[in-house]
Each structure stands twice: as C-alpha cells, then as structure tokens.
Amino acid sequence: MISSDIIRGYNDTIILYMLKQGDSYGYEISKQIEKQTNGDYVMKETTLYSTFARLQKNGYISSYSGTETNGRKRTYYKMTAEGSQYYQEKCREWVLTKNVINRFIQEVDQ
Amino acid sequence: MNRLKDYVEVQFQNFPATEESLTIKANILASMEDKYADLVGSGTPDDKAFEIVSNQFGDIDELRDVLFTSNTVPVYEKLKGYAIFFQKPYHSRLLILFSAFLSVFILIAGFHVEIWLLAIMTIFTLIFFVFTVLMHPSHFDDPPKDLHHYISSRQFTLALFSSLLTALVLIVSILNHLFIIFPWIYSRALQTVFIDGIYLYNLPYHFRDVIVLELISIFFIFLILFITMLIIAGRIHNQPAKASDNENEIE
C-alpha cells in the first residue's frame, strides 16, 4: 500500500502523463492508473479532482465539457504547453530524487 | 444509485456551493457511479461494490484546500502587509499594552465629565477590548484553515460577540447624542435651561467635552475593531502560506 503523503508530490506527474496520451475525463484516468499499476495505486476521488483543480489553476491543463458514448455529460481535460513543460521538469526531478533515495535503500526480500 | 448520490451529498454537506465545487461534485458522483456499474457488471455484489466505491472517495478537506484557500484569501489580500506585522508576538504585545493604556484613558476621561452614559460606553469598550485580546492569534487553539472553517469555529463566535458589543457601544453613543446634544440645541433655541435628567450643566464647557470625548471613544472603538480584523485576516492568511511551504518540502 502506498502512503498518500509519499505520492502526493507526484499525483500531478501521473495525471499529466495520462493526459499526454490524449484528452480524458476523471473516471477514465482513475481506471487507467489502477490498471497500469496493477492495482497498487488507486487514486481517491478527492485527490483526483483536487489535482485537476490545482493543475487547472496553474494553467497546466484546461477543461471542456463533452459527451461520452452513453450520453452523459463529462468534464474532459487537456494538457497545455505549460503543462507539457512542467511534466518534463517533474520527470527530471524524479530521476534525481530516485537516484538520491536509492543510495539509502537496502535491498529488500520480495 | 441513490445510495451513492446520498453518500456524496453527505460528504459535501457544509461544503461551500460554488459553480466550481458543484461541477466537481457532479464529476465525482459520475466517476463513482461508473465504477460502481463496472464492479456490479463484473459480478461484484451490490454491497461490496458500494463499499469499494465509497472507500475510494477520499478526504473532502483535500478539495477544500485547493478550491477555497486561494479563492477566499484575496478578500484579505490588501490587509496582508499589516496582518503580518501583528503576527509577530512582540508587536502584538505592544499593541495590547497600547490598547490597555487607551482603555484606561477613556475610563478616566469618561468619569471625569460625570456623564453616566459615557461611563456605560467605557465599560462596553473595556469588555470589547477584553474580547479583542482573547482573539489574539496565540489564543487560537485550532487555527482556521480558511473562511469556511473560521465561520464554524469558536473564534468566529467571539468575533461576532465583539462586533455586537461594538454595535451596542455605537447605539449607546447615538442615544447619548439624542439625550444630550439634541436637548442642548433645543434648550438654546427656546432660551431655557438644559437639563439632562440628573445633572444641570454649565452648557458651553460641557458640550465641547462631550463632543471631544465621544469622537475619541468612537475613534478608538473603530481602531480596535480594525486591529481585530487585521489579526483575524493575518490568522487566515498564515494558513495557506504554511500549507504551500509543506507542499514545497514534499516536492
């Protein structure tokens, strides 16, 4: 189980990665995250939507209202150019963080 | 599906209803309903599906932090500079000392002219002052996160009470005018002796004193009220700043 404190700084990165693949909406993104992590990380609804709100306030994503196949109205999100740049920065930051932390991690039994 | 709708409604109870928050609420409900439908569709029993979906809701305060800290604070933005000044314990102590001095001054001055209404005003001013001091940041046991938290807090009740007292002081002050100044004008017009019910005054001397003292009292009352607002604004402002500091540390 992943601690929400640890992953908090990277929810932005995860969601921007998902939007890099194309415009999408809340449930689809949440489902993809769960699938791609084999269920190791399930993002809470409030985390998902507060991340969207924060990213939007910072101009990293934009939203528009769209209709899905079953006719329900949904809010779709789209990554902006600033968002793409921010994503690159976050990726570089993670590589550095990972290298630093790895120096202090002993191998664990699987 | 009504069960999920009710669940979301309960979670969003006491949550400020803005256009943005209502959209998010609708989106969250839609997400939860989709997930629920998927689970039930793949053979999960209804109750189990509801449990999984509701556990995935999260913490409403997380949304509150993002939606309302940055939105509600701009109301206080202009006061920020002053508010930070009063955050420092040294400055706050100085302020309390200053206010105490002023209150004593009003008290002495009020009794000096022997007007019972001025004395009542002074007493209310003192009570108000005590509450202002009580509301000093160091007395906040649970600092409010944002305006919504603040309104539902004990501090807000205190602030409300202080404001009501101020209003009362102002009403007493207005009554003072009605009882003293208007009869004075009336008596001048009719060339009769001015009587305040209790005292017979030496008119010109007394009239000037009343006006000056009242103006001073009203000025101080507004000053104290203004400072109280600054303290509150500073307290509210301090929270988001702290929150973003933490965030930077994590990132």
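Values computed for the structure shown
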item: Flagged links, alpha-carbon separation over 20 Å, of A:K78/B:K35; A:K20/A:K73; A:K73/B:K35; A:K78/B:K5; A:K35/B:K5; A:K20/A:K98; result: A:K78/B:K35; A:K20/A:K73; A:K78/B:K5; A:K35/B:K5; A:K20/A:K98
item: Region A:4-98 shape via C-alpha gyration tensor axes, a/c threshold 1.5; result: oblate
item: q = 0.12, 0.20, 0.21, 0.31 Å⁻¹, region B:2-58: log10 I(q)/I(0) [Debye, one scatterer per Cα]; result: -0.28, -0.70, -0.76, -1.32
item: Pair B:A17, B:D46: separation of 7 Å Cα→Cβ label points (nm); result: 2.8
item: Gain upon complete extension [A:R72, A:Q88; 0.36 nm per residue less C-alpha separation]; result: 2.4 nm
item: Distance in nm between pseudo-label sites at A:V100 and A:Q21 (7 Å out along the Cβ direction from Cα); result: 3.0
item: Relative contact order of chain A, defined on C-alpha pairs under 8 angstrom at six or more residues apart (%); result: 27
item: Separation of the A:K31 and A:S3 label points, Cα + 7 Å toward Cβ, nm; result: 3.3
item: 18 Å reach of a label modelled at A:V42, 7 Å along Cα-to-Cβ, counting backbone N of region B:26-42; result: B:28-42
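Laboratory data are not the source of any read-out in this text; all were calculated from the coordinates shown. This is a predicted model, so every value here is computed, not measured. Note that we place each Cβ from the backbone using ideal geometry, even for glycine, and neighbour counts take in every protein chain shown.
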